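Undergrad: Let me give you the structure first, and then I'll get to my questions.
Computed from the coordinates by the stated procedures, all read-outs in this text should not be read as laboratory data. Just so it is clear, the model here is predicted, and its values are computed rather than measured. Neighbour counts run over all protein chains shown; Cβ positions are idealised from the backbone, glycine included.
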């Protein structure tokens, strides 16, 4: 099994949207895939926003969608949990899944979010208990995209050389001139080379249940999907 860890330095960066498209692409190619959200935040009336989104936008069965801890609110887990979080629960889940799936897509929280007094989420993705782990970084397209992307990549690369790709996500409709967008992407690509950088453009409707090749092309995800296939 290979783990694909989807991370970002910001909330609402597009990690779940990316995860949905990546899972659908992998399912289309007949990979045996699972989705894992170790920490599900912002639970309201038993509604698990990210878990429910994956259920409604991918071919995965409910039995292949997992979460270990859930919280009401969006603060760091250490401040929301009523008990000390034992990362052995995450370790046990990963090891139990090792022989069950081809790919486990693990959607994270902020890499420096504290899980306990001694542990951040970065510690979890830096030590996946001898299971191969590739990191995919999502960076939202905003006025700080260059600085936040480069800072995040540098931080990850200092501790883990397994960052495989960077996604610049246009999460909201943007009024940026198209030529300026191209310049921004090319500039980031130049500085991060040889780490591949992809642009995920704004998609007006993100809730359609789309699994087939036509849908992947329509959502302009084909190039990203092809690269994911190449690293598995």
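Undergrad: If you stretched the chain out fully between residue 223 and residue 112, how much longer would it get, using 0.36 nm times the residue separation minus the C-alpha to C-alpha distance?
TA: 37.0 nm
Undergrad: Same structure, new question: For the chain, what D do you get in µm² per second when you plug the Kirkwood radius from alpha-carbon pairs into Stokes-Einstein at 4 °C and 1.567 mPa s?
TA: Taking Rh from Cα pairs, D becomes 72 µm²/s.
Undergrad: Under 8 Å for C-alpha pairs, at least 6 residues apart: give me the relative contact order for segment 2-231, rounded to a whole percent.
TA: In percent, rounded to a whole number, it is 27.
Undergrad: Please work out the FRET efficiency for the pair residue 44 and residue 151, using the Cβ-Cβ distance as r and a Förster radius of 22 Å; give the result to the nearest 0.05. Each step should come with its number before you reach the end.
TA: On the way: r = 32 Å, r/R0 = 1.44.
The value I calculate is 0.10.
Undergrad: Now for a separate question. Under a crude label model (7 Å from the Cα following the beta-carbon direction), how far is residue 55 from residue 187 in nanometres?
TA: Here the modelled spin labels are 4.3 nm apart.
Undergrad: For every helix of n ≥ 4 consecutive DSSP H residues, a contribution of -39,500 (n - 2.57) applies; sum these over the chain, divide by its total residues, and give [θ] at 222 nm rounded to the nearest 500 deg cm²/dmol.
TA: Working: 9 runs with 89 residues, N = 232.
Computed ellipticity for the chain at 222 nm equals -11000 deg cm²/dmol.
Undergrad: Mind giving me the nanometre distance, one decimal, between the label points for residue 202 and residue 179, set 7 Å out from Cα along Cα→Cβ?
TA: 2.0
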